[in-house]
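Student: Handing you this structure, nothing more for now.
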Amino acid sequence: MTARFYVVGGAVRDALLGTPSSDRDWVAVGATPDELLAQGYKPVGKDFPVFIHPRTGEEVALARTERKTAPGYHGFLFHAAPEVTLEQDLARRDLTINAIAQAEDGALIDPFGGRLDIEARVLRHVSDAFVEDPVRLLRLARLAARLVDFTVAPETMALLRRMVAAGEVDALVPERVWQELARGLMSARPSRMFTLLRECGALARLLPEVDRLWGVPQPPEHHPEIDTGVHLMLVLDQCARLAAPLPVRWAALVHDLGKGTTPPEQWPRHLGHEGRSAVLARRLADRLRVPTDCRELADVVAREHGNVHRSTGLDAAAVLRLFERCDALRRPARFAQVLQACECDSRGRSGREHEPYAPALRLPPLLQAALAVDTAAVAAEAVARGRTGPAIGEAVHAARQAAVSAAIASIGSVGSVGNSA
């Protein structure tokens, strides 16, 4: 049997959508591992035969079928052999729009109507085998955040709900959940991922701290959208509009978690929610094994976003204390991300999406003024005057405060945007 090679999956889908694709995946039909090895392909993958093309570096997998043998996404038995057909291989894929193959001569093989679903902008599962791999639920939600004009077929949404009810998502390991969440957060409209996860019930299983924000009211004078969950979705989409990096988007996701623990009798006020948010954000980061840069930024934003929002009314001493709590003097680049997350929070409110964010205009020059202080010279002068130990640090602090005070006087006052916390 002569081996035949087909481009499959996202590369074909993206080509039909007219969007760029970073790489191509191939499937080889009628081939054996020995044949590919003889042609110089390098084997990779432990669970099923995947090879790297000797010249292009692209992945080529042998056509295969799969059978569920245990709960979770590891519980599969794969069968790869020359007699496995292309249609059998495509049948095991998740969505119809991902189950289209393209032959080397450009011909499309579409046994499950993927092109029609692309034209109709519908995300639809190929078969009920979709339920056997819980990662597919996350991938679908993440794809919905990228393909913003697609809707989920009703029968597919019903399938997702059955997966959640059956406990399939409970078998997902933290690393895989984080991987898909991170990709969804970096999509064109992150809110769609979380809205879909909530609609099928998966959000309550995977991120209960986030799920409980819906239905929690906020002060209407600061939040015309009122509902905390609705506000969170607006904040995430502002992150996408401002092209924020992943740490900023993660910080935005978890900055208000504490509002979900406010007793109802205290609604719509949420006094002290910043500290509670920081605690919950750290616990969630531990559970999902979130990278350090994301968890550290999230901690600062959760604790300080209210203070940053109110910073336009702070004097030099209070501004400097804010910088010190945020570690801005040592990590000014990270403080820029703190400001961006806070800007997304402020602009993530109904009707206020395009309002300028005053702290983002006022604080950077004040931080630059503090950073411009020659601390070595100040310390040397303090020593020359006989100061030692903490007194030297106090002299440096005083010099920085004086610099911030002068900067405030030079730039003038900036009107407060109010507390959007």
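Student: What is the distance, in nm, between label points placed 7 Å from the Cα along the Cα-to-Cβ direction at residue 170 and at residue 361?
Tutor: Each label point lies 7 Å from its Cα, and together they span 5.3 nm.
Student: Quote to one decimal, in nm, the extra length available between residue 2 and residue 384 on full extension: 0.36 nm per residue of separation minus the C-alpha distance between them.
Tutor: Gain in length upon complete extension: 128.9 nm.
Student: Between residue 151 and residue 354, how high is the FRET efficiency from 1/(1 + (r/R0)^6) when r is the Cβ-Cβ distance and R₀ = 41 Å? Nearest 0.05.
Tutor: Working from the Cβ atoms, E equals 0.90.
Student: If you don't mind, another one. For the range 243-411, with only Lys/Arg (+1) and Asp/Glu (-1) charged at the beta-carbon, what is the dipole magnitude about the Cα centre, in debye rounded to 20?
Tutor: 320 debye
Student: How far, in nm, would the chain grow between residue 411 and residue 42 when pulled straight, counting 0.36 nm per residue and subtracting the alpha carbon separation?
Tutor: Gain on stretching residue 411 to residue 42: 126.6 nm.
Student: Could you point to the label whose value was computed as Kirkwood radius over Cα pairs in Å for the structure here, given (i) 21.9; (ii) 22.8; (iii) 24.5?
Tutor: (iii)
Student: Ranked from highest to lowest mean number of other Cβ atoms within 10 Å per residue, what is the order of the peptides 292-305, 324-337?
Tutor: 292-305, 324-337
Student: Tilt of helix 332-347 relative to the longest C-alpha principal axis of the chain, in degrees (0 to 90, nearest 10)?
Tutor: In the chain, helix 332-347 runs at an angle near 80 degrees to the longest axis.
Student: Could you give the dipole magnitude of the chain about its Cα centre, charging the beta-carbon of Lys and Arg +1 and that of Asp and Glu -1, in debye to the nearest 20?
Tutor: 1000 debye
Student: So, one more: Can you work out the Karplus-derived ³J(HN,Hα) for every residue in the range 277-293? Use 6.51 cos²θ - 1.76 cosθ + 1.60 with θ = phi - 60°, whole Hz, and x for glycine or proline.
Tutor: Couplings: 4, 4, 5, 5, 5, 5, 5, 5, 4, 5, 5, 8, 6, 6, x, 4, 4 Hz.
Student: Label-point separation (nm) for residue 91 and residue 329, each offset 7 Å from Cα along Cα-to-Cβ?
Tutor: It is 6.9 nm.
Student: Calculated FRET efficiency, residue 104 and residue 158, Cβ-Cβ r, R0 35 Å, to nearest 0.05?
Tutor: Rounded to the nearest 0.05, the efficiency is 0.35.
Student: Let me see the pair-distance distribution of the range 243-411: every alpha carbon pair, 10 Å bin width, integer percents in order.
Tutor: With a bin width of 10 Å, the distribution comes to 10, 33, 31, 19, 7, 1.
Student: By how many degrees, between 0 and 90 and to the nearest 10, does the Cα long axis of helix 135-146 differ from the longest principal axis of the chain?
Tutor: 60 degrees
Student: What whole-number distance in Å separates the alpha-carbon centres of the range 162-190 and the range 313-388?
Tutor: Between the Cα centres of the range 162-190 and the range 313-388 lies a distance of 36 Å.
Student: Taking 0.36 nm per intervening residue step and subtracting the Cα-Cα distance, what contour gain separates residue 321 from residue 293 on full extension?
Tutor: Stretched out fully, the residue 321 to residue 293 stretch lengthens by 7.8 nm.
Read-outs: derived from the displayed coordinates by stated rules, not from any lab. Please read these numbers as outputs of a predicted model, since none were measured by experiment. Every residue, glycine as well, gets a Cβ built from its backbone with ideal geometry; the counts of neighbours run over all protein chains shown.
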